[in-house]
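Structure record follows, encoded as structure tokens.
The values are calculated or read from the model by the stated rules, or taken from the named source; none is laboratory data. Computed from a prediction, not measured in an experiment: that's the story for all the values here. Note that we place each Cβ from the backbone using ideal geometry, even for glycine, and neighbour counts take in every protein chain shown. Side chains are part of the model used for accessible areas, which takes the heavy atoms of the whole protein and leaves out ligands, DNA and RNA. Shrake-Rupley method; radii C 1.70, N 1.55, O 1.52, S 1.80 Å.
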Amino acid sequence: MAQDIFIVGVGGTLRAGSSTEKAVADVLEHAKALGASTTLISGPSLAMPFYSTETDDRTDEAKTLVEALRRADGVVIGSPGYHGGVSGLIKNALDYVEDLKADERPYLDGRAVGLIASAWGEQAAMTTLGMLRDITHALRGVPTPYGCIFNSADKSEERVTDTANKLQLVAKQVVTIASAMRG
């Protein structure tokens, strides 16, 4: 199903192994099981200077992010909910998509985008997911029908199992839609 499909995961926090980073990594593992190739860009790799249109100078991290997104058939974006929205780290990384504006496939055009939001409560995760959907639309991406939210404060076995199932669904939708869009 996913032969030659390349999925890029972007997300997490500066804390190594954050629940959001783990969730994005889990989606990528499911995508691999479906036959896609994947790469994860997270944590310290996202600690880039504020995006600026005033200069073409880019750090190695920014170049890596932009080149991976340029090649991507699908993208998985995960953000923790910070004060009712996406984290500054993730928003800044997504601002670098502007560097794709003159490409044959500008921005995230023609790419399936799976979205994940985590927070210490479902309400905060839902507002974060909504912002991720809005950003994806603004960048011409195609959000998957299902977006995963989870309460990272809930460490119960039931929540962990439920989230694992949701992440598997996100992976399936990203790979399926990316494959269909590739033709």
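If I ask for residues that are free of Cβ contacts under 8 Å to residues at least 60 places away in the same chain and either touching an Asp or Glu at 6+ places or on another chain (Cβ under 9 Å) or not β-branched (Val, Ile, Thr) (or both), which ones from the stretch 156-170 would you list?
Scanning the stretch 156-170 gives Ser156, Glu157, Glu158, Arg159, Val160, Asp162, Asn165, Lys166, Leu169.
Search the stretch 53-64 for residues that are part of a loop (DSSP other than H, G, I, E, B) and pair each with any residue that is open to solvent by less than 100 Å² (accessible area, probe 1.4 Å) when their beta-carbon atoms are under 6 Å apart and the residues are at least 6 apart or on different chains.
That search, which allows pairs on different chains as well, returns Thr59/Met48.
Looking for something of a type in the set (D, E, K, R), at pLDDT below 95 and in a helix (DSSP H, G or I) - is there at least one such residue anywhere in the stretch 127-136?
No, because not a single residue in the stretch 127-136 is of a type in the set (D, E, K, R), at pLDDT below 95 and in a helix (DSSP H, G or I).
Do you know which of the residues in the stretch 70-87 that are within 16 Å of the chain's Cα centre (by Cα) and in a loop (DSSP other than H, G, I, E, B) is surrounded by the fewest Cβ atoms within 10 Å (Cβ to Cβ)?
Among residues in the stretch 70-87 that are within 16 Å of the chain's Cα centre (by Cα) and in a loop (DSSP other than H, G, I, E, B), the one surrounded by the fewest Cβ atoms within 10 Å (Cβ to Cβ) is Ser87.
Which of the following residues is open to solvent by less than 70 Å² (accessible area, probe 1.4 Å), at pLDDT below 95 and in a helix (DSSP H, G or I): Ala93, Ala124, Ala153?
Ala124 is the lone residue from the list that is open to solvent by less than 70 Å² (accessible area, probe 1.4 Å), at pLDDT below 95 and in a helix (DSSP H, G or I).
Please determine, by comparing only the residues of the stretch 36-63 that are buried (at least 17 other Cβ atoms within 10 Å of the Cβ) and among the hydrophobic types (A, V, I, L, M, F, W, C), which one is nearest to Ile7 (Cα to Cα).
Ala36
Checking Glu67 against (1) outside any loop (DSSP other than H, G, I, E, B); (2) closer than 29 Å to Ser152 by Cβ; (3) modelled with pLDDT of 95 or more, only one condition comes out false. Which one?
Just one mismatch for Glu67, condition (2).
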